[in-house]
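A.B. asks: Below are the structure tokens for one structure; questions will follow.
Values quoted throughout were computed directly from the atomic coordinates according to the rules given, and no laboratory measurement underlies them. If you're wondering where the values come from, they're calculated on a predicted model, not measured in any experiment. With ideal geometry, Cβ positions are generated from the backbone for all residues, glycine too; neighbour counts draw on all protein chains shown.
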Amino acid sequence: MPDDKPEAEAEALVVAPTWAMEETAQPAATREAFPDPKLNELRPEFRALLEPILVELARLGFQPKISNAYRSVEEQAKKKAQGFAKSARPGAHTWGLAADVIDRRWGWKVTEENAKFFGALCRLSVAAGLVCGGTWFGKGGTRERPTHPSPWNHWKLGWDVAHVEMRNPPAALRREYRPG
């Protein structure tokens with residue numbers, strides 16, 4: 001059945017034991033604009049890398065949505081105070097070089113379906129040369145022995161499953177960014 005193929009592809013992205021470490025080809029996504037207004041909050045250099053991933057996730061049958069992109073320094077400090085960020089210091093979100101991507105149907109719910117989505121997000125992100133928080137298991141931690149426990153560990157995903165950021169951005173991009 002043709003409708004089973006995207007689900008089977010997505011399943012393989014999570015089930016494969018080395019999903020986060022495999023070298024894979026660039027996703028077969030197009031450069032057409034993905035209809036998410038939060039893309040406009042990102043630096044063009046990062047947006048160009050993230051947009052094809054969102055298109056590919058949609059092609060696989062998911063419904064990707066950026067839940068959080070740019071954060072001001074004040075917003076970052078507030079996220080830290082609420083326990084939703086590890087640092088109050090400026091970083092990838094304040095530089096316009098990070099986004100938190102969820103499936104609009106499941107949001108942050110800890111379910112097997114959502115684990116498949118986050119597994120696909122991480123695999124595509126790593127293949128595109130980006131960093132995915134789903135590969136973060138805590139200092140010295142691994143998928144088998146995470147040092148930062150998370151409900152996602154059951155599916156061998158790290159603690160910040162929705163987070164995607166640019167890997168090693170040039171110094172010129174590591175400064176506060178104001179969208180628009």
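A.B. asks: If you count, for each residue, the other Cβ atoms within 10 Å and average over each peptide, how do 60-71, 37-48 line up from highest to lowest?
C.D. replies: Ranking, from highest mean packing down: 60-71, 37-48.
A.B. asks: Can you give the Kirkwood hydrodynamic radius of segment 68-180 from its Cα pairs, in Å with one decimal? Before the final figure, lay out the partial values.
C.D. replies: Working: mean 1/r = 0.0682 Å⁻¹.
For segment 68-180, inverting the mean 1/r across all distinct Cα pairs yields 14.7 Å.
A.B. asks: Now for a different question. Among 90, 117, 161, which residue has its Cα furthest toward the positive end of the charge dipole of segment 24-180, with +1 on Lys/Arg Cβ and -1 on Asp/Glu Cβ?
C.D. replies: 90
A.B. asks: What nm distance separates the two modelled labels at residue 104 and residue 172, each placed 7 Å from Cα along Cα→Cβ?
C.D. replies: Calculated label separation equals 3.6 nm.
A.B. asks: Quick one: putting +1 on the C-beta of Lys and Arg, -1 on the C-beta of Asp and Glu, what dipole do you get for segment 104-149 around its Cα centre, in Debye to the nearest 20?
C.D. replies: Charge dipole of segment 104-149: 80 debye, to the nearest 20.
A.B. asks: If you build the convex hull over the alpha carbons only and average its shadow over all orientations, what do you get for segment 115-180? Give it in nm² to one decimal.
C.D. replies: 5.8
A.B. asks: Packing-wise, with mean Cβ within 10 Å as the measure, how do 137-145, 150-158, 117-125 rank, highest first?
C.D. replies: 117-125, 150-158, 137-145
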